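Visitor: One structure, pasted below without further comment.
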Amino acid sequence: MFGYRVPAPDEAMLISGGRRGHGDAPFRVVIGHGKFVLPVFRKTRFLTLAMCESEVAETCVTKQGIALTVRAVIAFKVGNDTESIVNAGQRFLSDQDQMSVLTGRIFAGHLRSIIGSMTVEEIVTERQKLATEVLETSKTEMAKIGLIVDSLQIQSIDDGDTGYIEAMSAPHKAAIQRQAQIAQARATQASAEAQQEAARNQAEYSRQTAVVQAQYSAEVDRAQAQAAQAGPLANAHAQQEVLAARTELAERAASLRRQELVAEVVRPAEAEAERIRLLALADAERMKIQAEAAASYDRVALDRMLIDQLPQIVKEASAGLSGANVNVLNGADGLGEIAAGLVGQGLTILDSVRRNLGASDATGEQAGDAEPRTGASADSRRPGDDGRIGVE
């Protein structure tokens, strides 16, 4: 738009003419926004706020009187506040490149001043201290011209042909060289030890390889020998197994034959003997029962015969009284007593005969029990041979 001006982000717009700016500033400062500027009546200029750089290469004399060439780089810019912009605008607006030249001269002076109060050893070993002191001493002066320093870097320090810095570093170099030689010697020793260790390891590996090869060869020889003997050994084992099988088969056949003989001969013979023994026992028992039955029958018959003969016995006993002179004192009762006495005598005789028969039966039974009861003796006896009275 006509008359509307806008500064760049790294610029400050200075408007002169008309109303004055801040304080005693001869112009107004606009930063970060635009503004209407009346043509002809107002004049607009722009001041850079970007970072600038200045290099310094200055020969300085140290506290020890040794000349050193110091090279440094200063990074600076115009301050962002209105006062700094006004100060820098009044000094550098027409020729802004003069900011780098002036800054380099200012820092060169401060650098000579500070280095003059320091030794070479301090300058070489404490560069940051040197840079800090230069910045602190130049800060006030740089602020007056509206500039601020962001950083100061000491790039190099050179003593020319004096060789002071080199001489100063000689002990360190010697120590470093000594350490390097020691390190080299240790490295050489370690390398030699490593080579020796490698040679020993190689020899040990060769020995182990030879041992393993020998073991492999021995195992191969054993395997070949075993393979050569495998056939005969297998045949021998097979024959041995055949003989064992045949022996087992023969033993089973013999056992089977023994079982067959037992089944065919022994068992039938034992069964026949048992049958004969049982028949003999049965026959003997039958004969015993028959004998007992016969003896029982004979006793019954004898008792019946004795009973039948009892009247005759009594008669014979009474016949002995026929010629006797018997006096009967009590009449009929006395005759009854005599008759009862005769009958009692008959009964006594009958009991005596029975006892005698019983004793003879007991003797016969004991004699019969003492004899062995075999099949042949049982078959050869007849009823009544055991001492009992029987009927054939």
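Visitor: Tell me, please, whether a residue that is within 19 Å of Leu135 (Cβ to Cβ) and in a helix (DSSP H, G or I) can be found in the stretch 48-63.
Guide: no
Visitor: Another question, if that's okay. Need the failing condition index for Ala214 against (1) assigned to a helix (DSSP H, G or I); (2) surrounded by 10 or more Cβ atoms within 10 Å (Cβ to Cβ); (3) at pLDDT below 90; (4) not aromatic (Phe, Trp, Tyr), just the number.
Guide: The failed condition is (3).
Visitor: In addition: Can you report the number of residues in the stretch 48-99 which are surrounded by fewer than 20 Cβ atoms within 10 Å (Cβ to Cβ), hydrophobic (A, V, I, L, M, F, W, C) and more than 13 Å from Ile123 (Cβ to Cβ)?
Guide: 7
Visitor: Determine whether Phe27 is under 22 Å from Asp10 (Cα atoms), open to solvent by 10 Å² or more (accessible area, probe 1.4 Å) and in contact with a strand residue (DSSP E or B) (Cβ under 9 Å, 6 or more places away or on another chain). Walk me through it before giving the result.
Guide: Values: under 22 Å from Asp10 (Cα atoms): yes; open to solvent by 10 Å² or more (accessible area, probe 1.4 Å): yes; in contact with a strand residue (DSSP E or B) (Cβ under 9 Å, 6 or more places away or on another chain): yes.
Against the criterion (under 22 Å from Asp10 (Cα atoms), open to solvent by 10 Å² or more (accessible area, probe 1.4 Å) and in contact with a strand residue (DSSP E or B) (Cβ under 9 Å, 6 or more places away or on another chain)), Phe27 qualifies.
Visitor: Further question on the same structure: Could you tell me which residue of the stretch 92-105 is farthest from Leu14 (Cα to Cα), considering only residues that are out of contact with any helix residue (DSSP H, G or I) (no Cβ under 6 Å at 6 or more places or on another chain) and without any contact (Cβ under 8 Å) to a residue 40 or more places away in the chain?
Guide: From the stretch 92-105, those out of contact with any helix residue (DSSP H, G or I) (no Cβ under 6 Å at 6 or more places or on another chain) are 93-97, 100-105; that's our starting set.
If we keep only those that are without any contact (Cβ under 8 Å) to a residue 40 or more places away in the chain too, we end up with 94-95, 97, 105.
Values: Ser94: 12, Asp95: 15, Asp97: 18, Arg105: 27 Å.
The extreme case among them is Arg105.
Visitor: Out of Thr48, Thr82, Thr69, I need the residue that is touching a His at 6+ places or on another chain (Cβ under 7 Å) and either farther than 18 Å from Ile154 by Cα or touching a residue at least 40 places away in the same chain (Cβ under 8 Å) (or both). Which one? Please lay out each step first, then the result.
Guide: Values: Thr48 fails: touching a His at 6+ places or on another chain (Cβ under 7 Å); Thr69 fails: touching a His at 6+ places or on another chain (Cβ under 7 Å).
Only one candidate passes the filter, namely Thr82.
Visitor: Checking the conditions here, which among Ala174, Ala143, Ala187 is in contact with a Gly (Cβ under 9 Å, 6 or more places away or on another chain) and surrounded by fewer than 17 Cβ atoms within 10 Å (Cβ to Cβ)? Working first, answer last.
Guide: Details: Ala174 fails: in contact with a Gly (Cβ under 9 Å, 6 or more places away or on another chain); Ala187 fails: in contact with a Gly (Cβ under 9 Å, 6 or more places away or on another chain).
So the residue among Ala174, Ala143, Ala187 that is in contact with a Gly (Cβ under 9 Å, 6 or more places away or on another chain) and surrounded by fewer than 17 Cβ atoms within 10 Å (Cβ to Cβ) is Ala143.
Visitor: Which numbered condition trips up His33, out of (1) touching a residue at least 40 places away in the same chain (Cβ under 8 Å); (2) of a type outside the set (Asp, Glu); (3) surrounded by fewer than 18 Cβ atoms within 10 Å (Cβ to Cβ)?
Guide: (1)
The values are calculated or read from the model by the stated rules, or taken from the named source; none is laboratory data. In this text the structure is predicted, and so the values were computed from the model without any measurement. For neighbour counting, all protein chains shown are included, and Cβ atoms are generated from backbone atoms with ideal geometry for every residue, glycine included. The area values use the complete protein model at the heavy-atom level, side chains included, leaving out ligands, DNA and RNA. Shrake-Rupley method; radii C 1.70, N 1.55, O 1.52, S 1.80 Å.
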